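What follows is a set of notes on a single structure, which appears directly below.
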Amino acid sequence: MQVPLLDLKAQYATIKDDVLKQINEVLDTQRCIGGPKVEELEEKIAAACNCKYAVGVSSGTDALINSLMSLGIGAGDEVITTPFTFFATAGSIVRVGATPVFVDIDPVTYNLDPAQIEAAITERTKAIMPVHLYGQMADMNPIMQIAGQASLAVIEDACQAISSTYKGKKAGEMGTCGCFSFFPSKNLGGIGDGGMIVTNDEELYHQVFIMRNHGSEPKYYHKYIGGNFRLDPIQAAALLVKLPLLDKWSQGRRNNAAYYNEKFAGSVVQTPVISDDCVSIYNQYVIRVPKRDELFKHLQANNIGCDIYYPVPLHLQECFAYMNLGVGTFPVAEQAAKEVIALPVYPELTDEMQDYVAETILDFLS
Ligand SMILES: *Cc1c(COP(=O)(O)O)cnc(C)c1O
């Protein structure tokens, strides 16, 4: 049996006609930049996230960069974040000229440990950038409280967590702003790159909006230096078809996660732990196992797709060697990087496929 990590063809087969119709509408109007599809998607995502405003951008990375620029964060500033995330989280901070200050993670949820944030705050700190890893939101109440006391912005890297909740609040709703990615492997994936920023702050919305288009307002008058961070209307067209299906797909992932959890119960496999405060969208179903690297090879040899998110914590990346944060600086993140492995959890998986994945793993580990 073949079980890929993700099968976008299976999803596309169910929506193909609608996607092509939407794309054709864009092509027929030849409004190839911005336009009504982008605006409609912005309105619908804002509403889905309980936010007043949304701005479509070119990627999740550009959502983070635009947010940082729009909050005036740059050279000399520090942003507190997690070392256990996709590279773009810290990469964006460095690209605007600021310094990422890493704080270790919670060993159970893999998200930023709020208890360690305060010690990392200095007079240069401007923001906290929590990441909602694998689709589960970070522990936002203490993060918002610490940020409030120290007058820091909170930029939620919600790229893996669109429509995920924490105490009933949506990803992107609690922070100063929230950033989403429409990279095809995210729960709401485009047919190329795309992203979105949501916020309830009118002033920030305005700034993000003009920064998306080289900081110009009015056209050809530049008070700020922004960039070309625009969302492609072809992407918006495809995403408008997918957005109404997002909750159903995320529920499918939760059902699949529950199915695996049952299969792995009582074994050495550590299954994901979702806090009582959270509803995860399971962008990834990540287990922890001994002999992880051997298991990875074994799964590949048995035609089971899997991946490691992430094998190297950011403080140990070669490009950040100048920070002099050696092995042992963030032991919880470092340990997780050695033991985690993501399994297929996409909604179109069948019980037979999941049985095969679970049995192959349990056989190997016994
Ligand atoms: C995917 C992702 C990003 C970047 O999104 P792109 O659309 O690929 O630029 C940033 N942060 C996290 C946590 C992500 O998972």
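Brief remarks follow.
- Pair list, Cβ under 9 Å, 6 or more apart: the stretch 182-205 residue within 21 Å of Tyr346 (Cα to Cα) and among the hydroxyl-bearing types (Ser, Thr, Tyr), other residue near the ligand (Cβ under 10 Å from one of its atoms) and open to solvent by less than 60 Å² (accessible area, probe 1.4 Å): Ser185/Asn283
- Scanning the stretch 262-286 for residues that are within 19 Å of Asn187 (Cβ to Cβ) and not in a loop (DSSP other than H, G, I, E, B) turns up Cys278, Val279, Tyr285, Val286.
- Failed condition for Leu299, given (1) in a helix (DSSP H, G or I); (2) under 25 Å from the mean Cα position of the chain (by Cα); (3) in contact (Cβ under 8 Å) with a residue 40 or more places away in the chain: (2)
- Condition met for Val57 (open to solvent by less than 30 Å² (accessible area, probe 1.4 Å) and either under 25 Å from Val38 (Cβ atoms) or within 19 Å of the chain's Cα centre (by Cα) (or both)): yes
- Residue satisfying all of: in the stretch 3-26; over 27 Å from the mean Cα position of the chain (by Cα) and either touching a residue at least 12 places away in the same chain (Cβ under 8 Å) or closer than 20 Å to Gly195 by Cα (or both); most open to solvent (accessible area, probe 1.4 Å) among these: Glu25
- Output for the stretch 175-188, where each listed residue is surrounded by fewer than 23 Cβ atoms within 10 Å (Cβ to Cβ) and more than 9 Å from the ligand (Cβ to nearest atom): Thr176, Pro184
- Count of residues meeting criterion [within 17 Å of Leu349 (Cα to Cα), touching a strand residue (DSSP E or B) at 6+ places or on another chain (Cβ under 8 Å) and open to solvent by 10 Å² or more (accessible area, probe 1.4 Å)] in the stretch 292-305: 2
- Condition met for Phe209 (assigned by TED's automatic domain parsing to the domain that holds Leu133, under 30 Å from Pro107 (Cβ atoms), among the aromatic types (Phe, Trp, Tyr) and open to solvent by 30 Å² or more (accessible area, probe 1.4 Å)): no
- Looking across the stretch 148-165 at every residue that is more than 16 Å from the ligand (Cβ to nearest atom) and not in a helix (DSSP H, G or I), the one that is nearest to Ala46 (Cα to Cα) is identified as Thr165.
- Exactly one residue among Val340, Val327, Val345, Val289 is surrounded by fewer than 17 Cβ atoms within 10 Å (Cβ to Cβ) and of a type outside the set (D, E, K, R), and that residue is Val327.
- Among the residues making up the stretch 39-53, those that are surrounded by 15 or more Cβ atoms within 10 Å (Cβ to Cβ), away from the ligand (no atom under 16 Å from the Cβ) and not acidic (Asp, Glu) are Lys44, Ala46, Ala48, Cys49, Asn50, Cys51, Tyr53.
- Note on the stretch 191-203: among residues that are under 14 Å from Glu42 (Cα atoms) and open to solvent by less than 40 Å² (accessible area, probe 1.4 Å), the one that is nearest to the ligand (Cβ to nearest atom) is Gly195.
The values are calculated or read from the model by the stated rules, or taken from the named source; none is laboratory data. These numbers come from a predicted model, not from an experiment. Note that we place each Cβ from the backbone using ideal geometry, even for glycine, and neighbour counts take in every protein chain shown. Just the protein is used for accessible areas: all its heavy atoms, side chains included, with ligands, DNA and RNA removed. Shrake-Rupley method; radii C 1.70, N 1.55, O 1.52, S 1.80 Å.
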